[in-house]
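*Asks:* A single structure is presented below for examination.
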Ligand code: HC1
């Protein structure tokens, strides 16, 4: 252990710790901007400068290791003055558009400017003039607001293994962008939006589609239905000030009705449907031959990743569309027919914790109803914005129930929102369908948690089914490389694009970090326990859908509406 003194307090920390970590241990908060725990530790912004007795210059606390007997001051007038200079220098090349910025009141730079009482900027000079990149349907970049912290580069390369962003040019002209300043739509960006989650300012954010939804809601000819993704009910409350892990299912449903949606449905319904289709597909591949391991296909960032980096493994993907897209296809066929509405008048909105879903819904494969199956995707952040615009607050919304039939679901559909949830939901059903016996314990705890790669063997009748679960695309590479080299012995793999699964998706409330992901995951499983039905094959509305419309899993209509092949 190393002992040192920070602001006249003694502290001991393991060797190799930084000043920032030591300060955190005794509750001394040192401001940071570029620092991102475990991901971006580069000492670039210098806002965390501290004085170290005997050192010739101030040191960046996030990258300076502690030494025995070190004496550190974090709040002297000199330190405060130096931090003010850093902030003023950053702000001298920042567009002062706070009032109209998507991150207004949720911007780390704005918060520090307020904390450090910045009332004017002493430096006046050139300004960065790089233009906005609005080429992507999901993510928008505004380099004028970039503070060169490089968090986006780190998360894209270290966590996701995508490397769509890099540093270009030098000095004042430094630019964070795809190589050669290419536009996002033209590079291997998978639209996951993890960059937008970690950006401290409004330099990278989701494409805002709220105006399209307001317009549809105001159109008397449109019958506007909404589906809410599994993870949204443990997220949307945060956009309205609730604590991470708050479950706001009923309030969110009520709020959506107040906004004017004609029907409030649930993606959990088609998550249950996915389990029936995907479970049967797995059994068919196991019995009749087919590409194994089979890999889940509900996460659109993962699909795009496979298309760019592992195209030869595309036959391993389940042919099931994602629950969001199954919902869209059914809303404009089965539901429109049942409700006696012309499908051209049905407008489908999704609320997702995901930016890549904005890309998924405009894919050419996603028009099997004869129309674009899902019209608009809103992230959890955008729904929070709409609730605020409508003057709604969670406390004033008495909980309401989803509409039938596309709002009826089970706990299995709900757990899709957490890493391992799709696998657990599938195992609950596959086990009972194959063995004909009820599971004694329906929780598969080995599927749960934040570990990057989880593996298990589950005895299903005579067959030991070997499964793997990954979250975050960097972790996916580990199991994909094994398939590529022919050494994978798995039968079924769940791959979710974002760390933690959808609860940590790129459209989640900001901030989203490890602790917050864990709170949301805990809430997902609490929500599952609360449900009357917890296995997808017990969903009565799905059974009715098969009886009235689809006939059977993997049947002709299912193939037409619910399955696809990715071939790009
Ligand atoms: Fe997801 Fe899915 S779980 S991909 O994370 O399979 O976004 O929540 O809606 O489609 O159901 C997201 C979440 C979501 C789909 C489902």
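Just so it is clear, none of the values below were taken in a lab; they were calculated from the coordinates. All figures in this text were calculated on a predicted structure; none of them were measured in a lab. All Cβ positions, even for glycine, are placed from backbone atoms using ideal geometry, and neighbour counts span all protein chains on display.
*Asks:* Please work out how much length the chain gains when fully extended from residue 132 to residue 183, using 0.36 nm per residue of separation minus the C-alpha to C-alpha distance, in nm with one decimal.
*Replies:* 17.4 nm
*Asks:* Applying 1/(1 + (r/R0)^6) with R0 = 51 Å to the Cβ-Cβ distance of residue 565 and residue 396, what FRET efficiency is obtained, to the nearest 0.05?
*Replies:* Working: r = 47 Å, r/R0 = 0.92.
With a Förster radius of 51 Å, E is 0.60.
*Asks:* Shape verdict for the stretch 132-178, please, from the Cα gyration tensor: rounded (a/c under 1.5), prolate (a/b greater than b/c) or oblate.
*Replies:* Cα axes put the stretch 132-178 in the oblate bin.
*Asks:* May I ask for the angle, rounded to the nearest 10°, between helix 421-435 and the longest principal axis of the chain, with both axes built from Cα atoms and the value confined to 0 to 90°?
*Replies:* Tilt of helix 421-435: around 30 degrees.
*Asks:* Oh, and also: Compute the angle between helix 77-92 and the longest alpha-carbon principal axis of the chain, please, reported from 0 to 90 degrees and rounded to the nearest 10.
*Replies:* So the inclination is approximately 60 degrees.
*Asks:* To the nearest 0.05, what FRET efficiency results for residue 73 and residue 257 with a Förster distance of 60 Å applied to their C-beta separation? Spell out each step's value before the answer.
*Replies:* Numbers: r = 56 Å, r/R0 = 0.93.
For residue 73 and residue 257, the calculated efficiency is 0.60.
*Asks:* Over the stretch 92-243, calculate the relative contact order: mean separation of alpha carbon pairs under 8 Å at least 6 apart, over the residue count, as a percent.
*Replies:* Reported relative contact order: 23 percent.
*Asks:* What is the Cα centroid distance between the stretch 241-287 and the stretch 42-98, reported in whole angstrom?
*Replies:* Taking the Cα centre of the stretch 42-98 as reference, the centre of the stretch 241-287 is 46 Å away.
*Asks:* Let me ask something else. Enter the angle in degrees (range 0 to 90, nearest 10) between the Cα long axis of helix 300-309 and the first principal axis of the Cα atoms of the chain, meaning the one along which they spread out most.
*Replies:* 80
*Asks:* Percent relative contact order of the chain, based on C-alpha pairs within less than 8 angstrom and at least six residues apart?
*Replies:* Numbers: 1143 pairs, mean separation 86.0, N = 568.
Reported as a whole number, the value is 15 percent.
*Asks:* Per DSSP helix of 4 or more residues, -39500 (n - 2.57); summed, then divided by the residues of the chain. What does that give at 222 nm, rounded to the nearest 500?
*Replies:* Mean residue ellipticity, 222 nm, calculated: -9000 deg cm²/dmol.
*Asks:* I would also like to ask the following. With a 10 Å radius around each residue's Cβ, average the other Cβ atoms per peptide and rank 42-55, 331-344, 259-272, highest first.
*Replies:* 259-272, 42-55, 331-344
*Asks:* Based on the alpha-carbon gyration tensor of the stretch 478-568 and its eigenvalue square roots a ≥ b ≥ c, which shape applies: rounded if a/c is under 1.5, prolate if not and a/b is larger than b/c, or oblate?
*Replies:* Verdict is oblate for the stretch 478-568.
*Asks:* Report the gain in length on full extension from residue 243 to residue 338: 0.36 nm times residue separation, minus Cα-Cα distance, nm rounded to one decimal.
*Replies:* Stretched out fully, the residue 243 to residue 338 stretch lengthens by 30.2 nm.
*Asks:* What FRET efficiency would be calculated for the residue pair residue 25, residue 551, taking the C-beta separation as r and a Förster radius of 51 Å, to the nearest 0.05?
*Replies:* Result of the calculation: an efficiency of 0.25.
*Asks:* Per 0.36 nm of contour for each residue apart, how much would the distance between residue 123 and residue 10 grow if the chain were fully extended, relative to their Cα-Cα spacing?
*Replies:* Residue separation times 0.36 nm, minus the Cα-Cα distance, leaves 36.8 nm.
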